[in-house]
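Here the structure comes first, spelled out in structure tokens, and everything after it is commentary.
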Amino acid sequence: ITLFFIFFFFFYSQISITGSQMPASGDTARYSTALGSSVGNYTVTGANYNWNFSTLVPTGQAVRKFLASTSTPYFFYFLPPQFGEKTLDSLPIPAIPGLGSTISIKNIYSFYRKTPIIGTTTSFDAEGLGLTLSGIPVGATFTDNVELYQYTLNYLDRDSSTFNLTKPTSTFIPFTYKKRGYRITQADGWGSITTPYGTANCLRVVTTQYSIDTIKIN
């Protein structure tokens, strides 16, 4: 999966991204979803490039909320300074042989942290996942955290990181879930971006993730 991120700043020149530009507990970010046919070619990139998306046609708007872990259903798994973001309301689960379709997964959260806790931030990490399994809140932490971004991030920087997550074992949860893999992040362009809201300086960051998900029915 390739994700396309554009970070906005106030000055129009080549920029760097540091941990201070990343979300913190209590932050919100507003965004618009756009009609696909109005996006144009977003794959072209380079130095001092202008991405002109002035013709974007919004189909809706939403808010990303980064909540203190104590304000989520999974506060007893994740403690401050970790903070969470709800990423899905529910996840469809097919019928499991011998169990039927009695399992439901709802309220999926991702949890983050800036590392280190004190001092200059060197990475923005994903710490784990929280979900409500058939009414029971369950938290799973990475034994090898996902380093989403490493700082300072400049044009042509490229880094990679591994990750490993295992759901805790419990007699109340009839399956085991594991996720492992690695991701590569590269800043492959800088310049300015124009949208219906105006023009801003930006750094284009592309992330490619390779992962294996394993589900074992107990």
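Of note:
For every residue, the table says whether it meets (1) modelled with pLDDT of 90 or more; (2) open to solvent by less than 70 Å² (accessible area, probe 1.4 Å); (3) touching an Asp or Glu at 6+ places or on another chain (Cβ under 7 Å); (4) not hydrophobic (A, V, I, L, M, F, W, C).
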{"site": "Y151", "(1), (2), (3), (4)": "yes, yes, no, yes"}
{"site": "D159", "(1), (2), (3), (4)": "yes, yes, no, yes"}
{"site": "I173", "(1), (2), (3), (4)": "no, yes, no, no"}
{"site": "I212", "(1), (2), (3), (4)": "yes, no, no, no"}
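- Only a single criterion out of (1) within 15 Å of M22 (Cβ to Cβ); (2) surrounded by fewer than 14 Cβ atoms within 10 Å (Cβ to Cβ) is not satisfied by D144, namely (1).
- Identity of the residue in segment 63-76, open to solvent by 90 Å² or more (accessible area, probe 1.4 Å) and part of a loop (DSSP other than H, G, I, E, B), that ends up farthest from T33 (Cα to Cα): F76
- All positions within segment 51-62 that are touching a Phe, Trp or Tyr at 6+ places or on another chain (Cβ under 8 Å) and either in a strand (DSSP E or B) or under 17 Å from T87 (Cα atoms) (or both): W51, Q61, A62
The values are calculated or read from the model by the stated rules, or taken from the named source; none is laboratory data. In this text, all values refer to a predicted model and were calculated from it rather than measured experimentally. Using ideal geometry, Cβ is built from the backbone for each residue, glycine included, and neighbour counts are taken over all protein chains shown. These area figures cover heavy atoms from the full protein model, side chains too; ligands, DNA and RNA do not enter into them. Shrake-Rupley method; radii C 1.70, N 1.55, O 1.52, S 1.80 Å.
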